[in-house]
Amino acid sequence: MPSERDTRVNGPVGDARSFTLDSDGFACSLVCEEPEVWRVELRMDRTFLPDVNVHVVRDGDEALAMRRVQHSADAPVPTLTQAYELWWLPEARGRVERGEMAKVTLDNYESRWRRHVRPAFGDRPLTGVRPLEVQDWLLGMTAPMASISLSLMDQVYRKAVMYGVCEANPAALRYRMPVARGEHSKDVYTLAEMAAALSAVRGTCAYVPAVLCGVGSARVGESLGAITAEDGRSAESHGMGLAVVDVRRQVDRYGHVMDRLKTAQSARPLVIPEPWSADVLAVGTRWLCDQGDGTPVSQLTVGRVWKETLEAAGIEPIPVRNLRNSWRTISRWELGIPEDMCERMMGHAGKNVGERHYDRPDADRFVDAVAAAYVHYRAKL
(Lines give C-alpha, C1' and ligand atoms only; values in the text may rest on other atoms or scores of the structure.)
Protein backbone atom coordinates (compact mmCIF):
# COMPACT_ATOMS: atom_id res chain seq x y z
CA MET A 1 0.00 0.00 0.00
CA PRO A 2 1.11 3.59 -0.56
CA SER A 3 2.77 5.35 2.33
CA GLU A 4 1.93 8.78 3.68
CA ARG A 5 4.71 10.39 1.61
CA ASP A 6 3.07 9.11 -1.58
CA THR A 7 -0.24 10.90 -1.15
CA ARG A 8 -0.57 14.09 -3.17
CA VAL A 9 -4.06 15.18 -2.11
CA ASN A 10 -6.49 14.80 0.76
CA GLY A 11 -3.96 14.12 3.51
CA PRO A 12 -2.48 10.81 4.78
CA VAL A 13 -3.51 7.30 3.85
CA GLY A 14 -6.56 6.25 5.86
CA ASP A 15 -8.10 9.72 5.62
CA ALA A 16 -8.01 9.96 1.83
CA ARG A 17 -10.52 8.02 -0.21
CA SER A 18 -8.73 8.63 -3.50
CA PHE A 19 -5.49 10.15 -4.69
CA THR A 20 -2.96 10.01 -7.49
CA LEU A 21 0.65 8.92 -7.28
CA ASP A 22 1.91 11.33 -9.90
CA SER A 23 5.48 10.13 -9.95
CA ASP A 24 4.48 6.54 -10.66
CA GLY A 25 1.36 7.00 -12.78
CA PHE A 26 -0.93 5.19 -10.32
CA ALA A 27 -4.47 6.20 -9.34
CA CYS A 28 -5.73 4.85 -6.00
CA SER A 29 -9.24 4.80 -4.56
CA LEU A 30 -10.79 3.25 -1.44
CA VAL A 31 -13.46 0.73 -2.40
CA CYS A 32 -14.11 -1.00 0.93
CA GLU A 33 -13.43 0.04 4.52
CA GLU A 34 -13.79 -3.32 6.33
CA PRO A 35 -11.47 -4.85 5.37
CA GLU A 36 -9.69 -1.84 3.91
CA VAL A 37 -9.43 -2.51 0.18
CA TRP A 38 -7.84 -0.10 -2.28
CA ARG A 39 -8.20 -0.13 -6.05
CA VAL A 40 -4.85 0.64 -7.65
CA GLU A 41 -4.92 1.47 -11.35
CA LEU A 42 -1.91 1.94 -13.58
CA ARG A 43 -3.10 4.10 -16.48
CA MET A 44 -1.49 3.14 -19.78
CA ASP A 45 -3.75 5.01 -22.17
CA ARG A 46 -0.98 7.38 -23.29
CA THR A 47 1.31 4.52 -24.24
CA PHE A 48 -1.16 2.23 -26.02
CA LEU A 49 -0.26 -0.48 -23.56
CA PRO A 50 -3.00 -2.11 -21.49
CA ASP A 51 -4.44 -0.70 -18.28
CA VAL A 52 -3.65 -2.74 -15.20
CA ASN A 53 -6.10 -2.84 -12.31
CA VAL A 54 -5.54 -4.63 -9.03
CA HIS A 55 -7.31 -4.54 -5.70
CA VAL A 56 -5.03 -4.43 -2.67
CA VAL A 57 -6.08 -5.42 0.86
CA ARG A 58 -4.18 -3.22 3.30
CA ASP A 59 -2.19 -5.11 5.94
CA GLY A 60 -3.38 -8.35 4.42
CA ASP A 61 -0.10 -10.28 4.49
CA GLU A 62 0.45 -9.62 0.79
CA ALA A 63 -3.04 -10.83 -0.08
CA LEU A 64 -3.66 -9.42 -3.55
CA ALA A 65 -6.87 -9.89 -5.46
CA MET A 66 -6.14 -9.53 -9.14
CA ARG A 67 -9.48 -8.57 -10.72
CA ARG A 68 -8.43 -7.73 -14.25
CA VAL A 69 -5.25 -7.63 -16.27
CA GLN A 70 -5.27 -6.86 -19.97
CA HIS A 71 -2.32 -8.25 -21.90
CA SER A 72 -0.25 -6.11 -24.25
CA ALA A 73 -1.11 -8.33 -27.20
CA ASP A 74 -4.70 -7.17 -26.88
CA ALA A 75 -3.91 -3.44 -26.94
CA PRO A 76 -5.81 -1.69 -29.78
CA VAL A 77 -4.18 0.21 -32.63
CA PRO A 78 -4.44 3.95 -31.88
CA THR A 79 -6.72 6.15 -33.93
CA LEU A 80 -5.54 9.02 -36.06
CA THR A 81 -6.91 11.44 -33.45
CA GLN A 82 -4.90 9.77 -30.70
CA ALA A 83 -1.72 9.94 -32.77
CA TYR A 84 -2.38 13.62 -33.56
CA GLU A 85 -3.06 14.59 -29.94
CA LEU A 86 -0.33 12.51 -28.29
CA TRP A 87 2.55 12.92 -30.70
CA TRP A 88 2.13 15.48 -33.44
CA LEU A 89 0.40 18.34 -31.58
CA PRO A 90 2.71 18.48 -28.52
CA GLU A 91 5.79 18.49 -30.76
CA ALA A 92 4.30 21.21 -32.99
CA ARG A 93 3.52 23.39 -29.97
CA GLY A 94 7.08 22.88 -28.78
CA ARG A 95 8.39 24.03 -32.14
CA VAL A 96 6.31 27.20 -31.84
CA GLU A 97 7.71 27.86 -28.36
CA ARG A 98 11.26 27.40 -29.68
CA GLY A 99 10.63 29.70 -32.62
CA GLU A 100 10.95 26.91 -35.17
CA MET A 101 7.37 27.25 -36.40
CA ALA A 102 5.19 30.36 -36.69
CA LYS A 103 2.08 30.32 -34.54
CA VAL A 104 -0.05 31.20 -37.56
CA THR A 105 1.26 28.06 -39.26
CA LEU A 106 0.18 25.93 -36.30
CA ASP A 107 -3.19 27.69 -36.24
CA ASN A 108 -3.65 26.84 -39.91
CA TYR A 109 -2.76 23.19 -39.34
CA GLU A 110 -5.15 22.97 -36.37
CA SER A 111 -7.92 24.48 -38.46
CA ARG A 112 -7.35 21.95 -41.23
CA TRP A 113 -7.42 19.17 -38.64
CA ARG A 114 -10.75 20.30 -37.20
CA ARG A 115 -12.42 21.03 -40.53
CA HIS A 116 -11.06 18.32 -42.83
CA VAL A 117 -8.87 15.57 -41.39
CA ARG A 118 -10.64 14.72 -38.13
CA PRO A 119 -14.19 14.54 -39.57
CA ALA A 120 -13.02 12.15 -42.28
CA PHE A 121 -10.50 9.92 -40.51
CA GLY A 122 -10.09 10.98 -36.89
CA ASP A 123 -11.90 8.00 -35.37
CA ARG A 124 -10.23 5.45 -37.64
CA PRO A 125 -7.47 3.15 -36.41
CA LEU A 126 -4.24 4.09 -38.12
CA THR A 127 -4.30 0.80 -40.00
CA GLY A 128 -7.87 1.38 -41.20
CA VAL A 129 -7.36 4.27 -43.63
CA ARG A 130 -7.43 3.16 -47.27
CA PRO A 131 -5.67 5.06 -50.12
CA LEU A 132 -8.81 5.11 -52.31
CA GLU A 133 -10.68 6.84 -49.48
CA VAL A 134 -7.91 9.40 -49.19
CA GLN A 135 -8.09 10.05 -52.93
CA ASP A 136 -11.85 10.67 -52.89
CA TRP A 137 -11.46 12.88 -49.81
CA LEU A 138 -8.82 15.06 -51.47
CA LEU A 139 -10.87 15.60 -54.61
CA GLY A 140 -13.70 16.97 -52.47
CA MET A 141 -11.62 19.97 -51.36
CA THR A 142 -10.09 23.01 -52.98
CA ALA A 143 -6.49 22.67 -54.14
CA PRO A 144 -4.95 24.69 -51.25
CA MET A 145 -6.99 22.91 -48.58
CA ALA A 146 -6.20 19.48 -50.02
CA SER A 147 -2.48 20.21 -50.04
CA ILE A 148 -2.35 21.43 -46.44
CA SER A 149 -4.64 18.66 -45.14
CA LEU A 150 -2.64 15.90 -46.82
CA SER A 151 0.60 17.37 -45.49
CA LEU A 152 -0.77 17.34 -41.94
CA MET A 153 -2.03 13.77 -42.29
CA ASP A 154 1.38 12.70 -43.61
CA GLN A 155 3.17 14.27 -40.64
CA VAL A 156 0.88 12.50 -38.14
CA TYR A 157 1.43 9.14 -39.84
CA ARG A 158 5.19 9.63 -39.87
CA LYS A 159 5.07 9.96 -36.08
CA ALA A 160 2.99 6.80 -35.78
CA VAL A 161 5.40 4.86 -38.00
CA MET A 162 8.36 6.13 -35.98
CA TYR A 163 6.74 4.91 -32.74
CA GLY A 164 6.07 1.52 -34.30
CA VAL A 165 2.28 1.47 -33.97
CA CYS A 166 1.74 1.09 -37.72
CA GLU A 167 3.90 0.22 -40.71
CA ALA A 168 2.23 1.93 -43.67
CA ASN A 169 1.68 5.64 -44.28
CA PRO A 170 -1.21 6.07 -46.76
CA ALA A 171 -0.70 9.84 -46.79
CA ALA A 172 2.79 9.44 -48.31
CA LEU A 173 1.45 8.08 -51.60
CA ARG A 174 1.24 10.17 -54.76
CA TYR A 175 -2.36 11.34 -55.22
CA ARG A 176 -4.22 13.23 -57.90
CA MET A 177 -4.88 16.65 -56.41
CA PRO A 178 -7.78 19.03 -57.15
CA VAL A 179 -7.23 21.52 -59.95
CA ALA A 180 -6.97 25.12 -58.80
CA ARG A 181 -9.87 27.22 -59.99
CA GLY A 182 -8.87 29.74 -62.60
CA GLU A 183 -11.55 32.37 -61.96
CA HIS A 184 -12.02 34.39 -58.80
CA SER A 185 -15.35 35.55 -57.47
CA LYS A 186 -16.24 39.10 -58.51
CA ASP A 187 -19.08 39.44 -55.99
CA VAL A 188 -19.28 42.67 -53.99
CA TYR A 189 -21.43 43.94 -51.12
CA THR A 190 -23.71 46.95 -51.03
CA LEU A 191 -23.22 49.33 -48.11
CA ALA A 192 -26.12 47.72 -46.22
CA GLU A 193 -24.71 44.24 -46.82
CA MET A 194 -21.26 45.43 -45.78
CA ALA A 195 -22.63 46.82 -42.52
CA ALA A 196 -24.42 43.53 -41.76
CA ALA A 197 -21.30 41.45 -42.48
CA LEU A 198 -19.09 43.69 -40.33
CA SER A 199 -21.58 43.48 -37.49
CA ALA A 200 -21.52 39.68 -37.70
CA VAL A 201 -17.71 39.40 -37.41
CA ARG A 202 -17.34 42.10 -34.74
CA GLY A 203 -15.33 40.68 -31.86
CA THR A 204 -13.28 38.30 -34.05
CA CYS A 205 -9.78 38.75 -35.45
CA ALA A 206 -11.35 39.34 -38.87
CA TYR A 207 -13.27 42.46 -37.79
CA VAL A 208 -10.67 45.22 -37.95
CA PRO A 209 -9.10 43.93 -41.20
CA ALA A 210 -12.57 43.73 -42.76
CA VAL A 211 -13.32 47.30 -41.64
CA LEU A 212 -10.07 48.61 -43.13
CA CYS A 213 -10.77 46.79 -46.40
CA GLY A 214 -14.53 47.23 -46.64
CA VAL A 215 -14.93 50.86 -45.53
CA GLY A 216 -11.31 52.00 -45.86
CA SER A 217 -10.10 50.68 -49.27
CA ALA A 218 -7.18 48.59 -47.92
CA ARG A 219 -5.77 45.56 -49.65
CA VAL A 220 -5.90 42.54 -47.33
CA GLY A 221 -2.17 42.56 -46.60
CA GLU A 222 -2.23 46.32 -45.99
CA SER A 223 -5.07 45.96 -43.50
CA LEU A 224 -2.89 43.74 -41.28
CA GLY A 225 0.30 45.82 -41.26
CA ALA A 226 -0.68 48.81 -39.12
CA ILE A 227 1.00 49.37 -35.75
CA THR A 228 -1.59 50.95 -33.49
CA ALA A 229 0.49 53.65 -31.80
CA GLU A 230 2.41 54.64 -34.95
CA ASP A 231 -0.16 54.45 -37.72
CA GLY A 232 -3.58 55.19 -36.19
CA ARG A 233 -5.10 58.52 -35.16
CA SER A 234 -8.44 60.29 -34.90
CA ALA A 235 -9.88 63.04 -37.11
CA GLU A 236 -13.08 65.08 -37.35
CA SER A 237 -14.95 66.59 -40.26
CA HIS A 238 -18.54 67.62 -40.95
CA GLY A 239 -19.45 66.74 -37.37
CA MET A 240 -18.24 63.14 -37.77
CA GLY A 241 -15.48 61.41 -35.84
CA LEU A 242 -13.22 59.35 -38.11
CA ALA A 243 -10.17 57.13 -37.77
CA VAL A 244 -7.13 57.57 -40.01
CA VAL A 245 -4.74 54.64 -40.49
CA ASP A 246 -1.54 55.10 -42.46
CA VAL A 247 -0.49 52.28 -44.81
CA ARG A 248 3.25 51.71 -44.42
CA ARG A 249 3.72 47.95 -44.52
CA GLN A 250 1.82 44.75 -45.28
CA VAL A 251 1.52 41.19 -43.96
CA ASP A 252 1.56 38.14 -46.22
CA ARG A 253 -0.59 35.02 -46.23
CA TYR A 254 1.42 33.40 -43.44
CA GLY A 255 1.83 36.37 -41.09
CA HIS A 256 5.23 37.66 -42.24
CA VAL A 257 5.61 41.45 -42.12
CA MET A 258 6.91 43.14 -45.27
CA ASP A 259 7.91 46.81 -45.46
CA ARG A 260 7.60 46.88 -49.23
CA LEU A 261 4.17 47.83 -50.56
CA LYS A 262 2.70 47.04 -53.98
CA THR A 263 3.43 50.50 -55.41
CA ALA A 264 4.69 53.84 -54.17
CA GLN A 265 1.12 55.12 -54.26
CA SER A 266 0.06 52.34 -51.88
CA ALA A 267 1.52 54.36 -48.98
CA ARG A 268 -1.55 56.40 -48.13
CA PRO A 269 -4.00 57.17 -45.32
CA LEU A 270 -7.11 55.01 -44.92
CA VAL A 271 -10.13 56.90 -43.62
CA ILE A 272 -12.70 55.02 -41.53
CA PRO A 273 -16.09 56.68 -40.90
CA GLU A 274 -18.53 56.25 -38.03
CA PRO A 275 -19.60 53.93 -36.49
CA TRP A 276 -16.59 51.74 -37.28
CA SER A 277 -14.03 54.46 -36.47
CA ALA A 278 -14.69 54.15 -32.74
CA ASP A 279 -13.82 50.43 -32.78
CA VAL A 280 -10.60 51.03 -34.69
CA LEU A 281 -9.51 53.81 -32.31
CA ALA A 282 -10.30 51.64 -29.27
CA VAL A 283 -7.78 48.91 -30.20
CA GLY A 284 -5.13 48.61 -27.48
CA THR A 285 -2.81 45.92 -28.85
CA ARG A 286 0.55 46.57 -30.53
CA TRP A 287 -0.73 45.68 -33.97
CA LEU A 288 -4.07 47.04 -35.04
CA CYS A 289 -4.85 43.48 -36.15
CA ASP A 290 -3.05 41.57 -33.40
CA GLN A 291 -3.56 37.85 -32.75
CA GLY A 292 -3.00 38.29 -29.03
CA ASP A 293 0.71 37.54 -28.72
CA GLY A 294 2.20 40.72 -30.14
CA THR A 295 2.28 39.52 -33.74
CA PRO A 296 -0.06 40.43 -36.60
CA VAL A 297 -2.79 38.13 -37.83
CA SER A 298 -2.09 36.33 -41.10
CA GLN A 299 -4.16 36.65 -44.25
CA LEU A 300 -5.00 32.95 -44.08
CA THR A 301 -6.38 33.26 -40.55
CA VAL A 302 -8.46 36.33 -41.40
CA GLY A 303 -9.93 34.65 -44.47
CA ARG A 304 -10.84 31.51 -42.54
CA VAL A 305 -12.42 33.34 -39.59
CA TRP A 306 -14.29 35.70 -41.91
CA LYS A 307 -15.81 32.85 -43.91
CA GLU A 308 -16.64 30.61 -40.93
CA THR A 309 -18.21 33.42 -38.90
CA LEU A 310 -20.41 34.69 -41.70
CA GLU A 311 -21.56 31.19 -42.63
CA ALA A 312 -22.47 30.54 -38.99
CA ALA A 313 -24.47 33.79 -38.99
CA GLY A 314 -26.34 32.81 -42.16
CA ILE A 315 -24.66 35.52 -44.29
CA GLU A 316 -23.22 34.66 -47.69
CA PRO A 317 -19.50 35.47 -47.48
CA ILE A 318 -17.59 37.04 -50.31
CA PRO A 319 -13.79 36.63 -50.38
CA VAL A 320 -11.99 39.07 -48.08
CA ARG A 321 -10.07 40.42 -51.06
CA ASN A 322 -13.42 41.50 -52.59
CA LEU A 323 -14.12 43.88 -49.70
CA ARG A 324 -11.81 46.41 -51.35
CA ASN A 325 -13.74 46.05 -54.60
CA SER A 326 -16.92 46.54 -52.60
CA TRP A 327 -15.46 49.76 -51.16
CA ARG A 328 -14.83 51.04 -54.69
CA THR A 329 -18.37 50.28 -55.82
CA ILE A 330 -19.98 51.70 -52.66
CA SER A 331 -17.85 54.85 -52.65
CA ARG A 332 -18.43 55.64 -56.30
CA TRP A 333 -22.07 54.68 -56.80
CA GLU A 334 -23.72 54.87 -53.36
CA LEU A 335 -21.71 57.63 -51.69
CA GLY A 336 -20.93 59.64 -54.82
CA ILE A 337 -17.22 60.16 -54.18
CA PRO A 338 -15.57 61.39 -57.41
CA GLU A 339 -13.76 58.75 -59.44
CA ASP A 340 -10.35 60.41 -59.32
CA MET A 341 -10.60 60.65 -55.52
CA CYS A 342 -11.58 56.97 -55.28
CA GLU A 343 -8.53 56.01 -57.33
CA ARG A 344 -6.19 57.96 -55.08
CA MET A 345 -7.79 56.60 -51.92
CA MET A 346 -7.27 53.08 -53.25
CA GLY A 347 -3.57 53.76 -53.82
CA HIS A 348 -3.72 53.31 -57.56
CA ALA A 349 -0.93 54.68 -59.71
CA GLY A 350 -1.79 57.88 -61.57
CA LYS A 351 -2.30 58.16 -65.30
CA ASN A 352 0.72 60.38 -65.98
CA VAL A 353 4.19 61.03 -64.60
CA GLY A 354 3.04 63.91 -62.42
CA GLU A 355 0.27 61.89 -60.79
CA ARG A 356 2.50 58.86 -60.29
CA HIS A 357 5.45 60.67 -58.71
CA TYR A 358 4.39 64.05 -57.36
CA ASP A 359 0.66 64.11 -56.65
CA ARG A 360 0.15 63.11 -52.99
CA PRO A 361 -3.31 64.11 -51.72
CA ASP A 362 -3.07 64.72 -47.98
CA ALA A 363 -5.12 63.00 -45.31
CA ASP A 364 -7.31 66.05 -44.69
CA ARG A 365 -8.68 65.92 -48.22
CA PHE A 366 -9.49 62.22 -47.82
CA VAL A 367 -11.12 62.85 -44.42
CA ASP A 368 -13.28 65.67 -45.78
CA ALA A 369 -14.34 63.65 -48.82
CA VAL A 370 -15.37 60.60 -46.78
CA ALA A 371 -17.15 62.56 -44.03
CA ALA A 372 -19.08 64.69 -46.52
CA ALA A 373 -20.13 61.62 -48.52
CA TYR A 374 -21.42 59.70 -45.48
CA VAL A 375 -23.21 62.71 -43.99
CA HIS A 376 -24.96 63.36 -47.30
CA TYR A 377 -25.83 59.68 -47.77
CA ARG A 378 -27.34 59.31 -44.30
CA ALA A 379 -29.30 62.54 -44.66
CA LYS A 380 -31.17 60.92 -47.55
CA LEU A 381 -32.19 57.83 -45.54
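The values are calculated or read from the model by the stated rules, or taken from the named source; none is laboratory data. Keep in mind it's a predicted model, so treat the numbers as computed, not measured. Positions of Cβ are generated from backbone atoms using ideal geometry, with glycine treated the same way; all protein chains shown enter the neighbour counts.
Some notes on this structure:
- Scanning region 106-136 for residues that are of a type in the set (Gly, Ala, Ser) and within 11 Å of TYR84 (Cβ to Cβ) yields a total of 1.
- A residue that is more than 19 Å from the chain's Cα centre (by Cα) and surrounded by fewer than 24 Cβ atoms within 10 Å (Cβ to Cβ) cannot be found anywhere in region 200-216.
- Residue in region 97-114 that is over 20 Å from VAL257 (Cβ atoms), touching a residue at least 60 places away in the same chain (Cβ under 8 Å), part of a helix (DSSP H, G or I) and not polar (S, T, N, Q) present: no
- Selection of helices (runs of 4 or more DSSP H) fully inside region 227-340 by the criterion of at least 2 residues being in the same structural domain as GLY216 (by TED's automatic domain parsing) and within 22 Å of VAL370 (Cα to Cα) returns 228-231, 276-281, 322-329.
- Any chance LEU126 is modelled with pLDDT of 85 or more, buried (at least 18 other Cβ atoms within 10 Å of the Cβ), over 24 Å from the mean Cα position of the chain (by Cα) and not assigned by TED's automatic domain parsing to the domain that holds GLY303: yes
- For the residues VAL165, VAL117, the requirement of being of a type in the set (A, V, I, L, M), surrounded by 12 or more Cβ atoms within 10 Å (Cβ to Cβ), assigned by TED's automatic domain parsing to the domain that holds THR105 and assigned to a helix (DSSP H, G or I) singles out VAL117.
- Some residue of region 362-372 being of a type outside the set (Lys, Arg) and modelled with pLDDT under 90: yes
- Candidate set: region 330-361, residues that are aliphatic (A, V, I, L, M) and modelled with pLDDT under 90; chosen: the one nearest to THR190 (Cα to Cα): ALA349
- Filter pass, GLY214 being out of contact with any Leu (no Cβ under 7 Å at 6 or more places or on another chain) and either in the same structural domain as LEU281 (by TED's automatic domain parsing) or within 18 Å of ASN322 (Cβ to Cβ) (or both): no
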